[in-house]
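What follows is a short report on a single structure.
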Amino acid sequence: AKEQGRNAFSFFSEELNREARERRHLEGSLHRAFANDEFFLEYQPQIELRSGRIFSFEALVRWQHPEDGLIYPNRFIPVAEETGLIRRLGEWVLRTACLQCRQWQQPGLPPVRVAVNVSGHQFNQPGFIDMVDRVLEETELDPELLELELTESSLMAGAQESIMTLIDLKVRGIHLAIDDFGTGYSSLSYLKHFPLDRLKIDRSFVRDIVKDLDDRAIVEAIIAMAHSLGLRVLAEGVEHEDELELLKERGCDEVQGFYFAHPLLPAAVEENLKVR
Ligand code: C2E
Ligand code: CA
Ligand code: CA
Ligand code: CA
């Protein structure tokens, strides 16, 4: 047993070492990545079920690392958050997405919004609103065409202050969504004070909605609650037709997921907009 304990310990410490090394490695190259223009955005369509129309695209950041190849945000956003680089990255994402969205507006076609993810580390930072104002001014995007996605946990972290910040954003006409709903803890009594437009049901509930009756019940309850608060409901991670059918029956308003489209490069977005 002693022997085993030692092995387990050395296994864990090796694992921790490996993670620490990876973090240091990414941290070092994150600084360089800005200078070298290594980030880019993909855009995933958000579809309104009633009309079948793409009403918005969610911007998702990627990192083309010169040696390590393509890196997805779940690996580097946490590192950017720990090092404070998230503010710089977040501002870059917002500016790039706003510029892109302006190009999508076409005469004679309904307006298309862009949805941008905001880390709690950005949102709960003094100066966040000023940064948003500056970017909107520089890019000349109509604030009505911007949606910010805030996670449940970052809103609840400082719920009182969150309400004030959300109101400040809302008066500018910016749309607001609560992301990953159902994964954090939400105080429902706060939720009604947040001036939100949209609630995004986390993929973990959608994934099993066909087979798992508990998840289905949770989704039904979330939809009913959101509607009673006047929020639109978007289900994320829709991959199959049977999931879509269930969501439609349950009165879900909007969807996003591989069933409709993967995140797309800007050229492919423009193709999609032309077809419609
Ligand atoms: P999220 O905001 O929940 O974004 C949805 C994630 O699910 C994206 O992963 C998207 O590619 C993926 N996805 C969409 N449809 C499907 C589907 O049908 N099936 C499956 N399996 N996955 C689907 P991605 O791009 O790797 O992003 C992961 C997370 O990283 C995002 O989760 C978000 O929390 C964060 N993130 C992405 N871009 C940014 C950003 O610019 N800023 C910040 N702060 N966070 C970001
Ligand atoms: Ca999101
Ligand atoms: Ca999500
Ligand atoms: Ca997520």
**OP:** Residue by residue through region 186-221, note down the ones that are of a type outside the set (D, E, K, R), surrounded by fewer than 21 Cβ atoms within 10 Å (Cβ to Cβ) and within 16 Å of ligand 3 (Cβ to nearest atom).
**Re:** S186, S204, I218
**OP:** Output the residue which, of all residues in region 225-238 that are open to solvent by less than 60 Å² (accessible area, probe 1.4 Å) and assigned to a helix (DSSP H, G or I), is nearest to ligand 1 (Cβ to nearest atom).
**Re:** A226
Original post:
If you check every pair at least six apart or on different chains, which have Cβ atoms under 6 Å apart with a residue in region 49-67 that is assigned to a strand (DSSP E or B) and of a type in the set (F, W, Y) first and a residue that is within 16 Å of ligand 2 (Cβ to nearest atom) and open to solvent by 10 Å² or more (accessible area, probe 1.4 Å) second?
Top reply: none
Original post:
Which residues, taken from region 53-68, are open to solvent by 30 Å² or more (accessible area, probe 1.4 Å) and more than 16 Å from ligand 3 (Cβ to nearest atom)?
Top reply: R53, Q64, P66, E67, D68
Subject >> Subset of region 245-273 (residues that are touching a residue at least 40 places away in the same chain (Cβ under 8 Å), crowded, with 19+ Cβ neighbours inside 10 Å and away from ligand 2 (no atom under 16 Å from the Cβ)) >> reply: L247, C252, D253, V269
**OP:** Please go through region 239-276 and pick out each residue that is assigned to a loop (DSSP other than H, G, I, E, B) and aliphatic (A, V, I, L, M).
**Re:** A261, L265
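Among the residues of region 11-31, what is the count of those that are without any contact (Cβ under 8 Å) to a residue 40 or more places away in the chain and open to solvent by less than 80 Å² (accessible area, probe 1.4 Å)? Give the derivation first.
If we filter region 11-31 for residues that are without any contact (Cβ under 8 Å) to a residue 40 or more places away in the chain, which is where we start, we get 11-22, 24-25, 28-29.
Those left that are additionally open to solvent by less than 80 Å² (accessible area, probe 1.4 Å): 13, 15, 20, 22, 28-29.
Selection size over region 11-31: 6.
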Original post:
If you go through region 116-171, how many residues are open to solvent by 20 Å² or more (accessible area, probe 1.4 Å), over 22 Å from R62 (Cα atoms) and within 16 Å of ligand 2 (Cβ to nearest atom)?
Top reply: 1
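The values are calculated or read from the model by the stated rules, or taken from the named source; none is laboratory data. The shown structure was predicted, so the numbers you read here are calculated from the model rather than taken from an experiment. Cβ: placed from backbone, ideal geometry, glycine included. Neighbour counts: every protein chain shown. We work out accessible area using only protein heavy atoms, side chains counted, and drop any ligands, DNA or RNA first. Shrake-Rupley method; radii C 1.70, N 1.55, O 1.52, S 1.80 Å.
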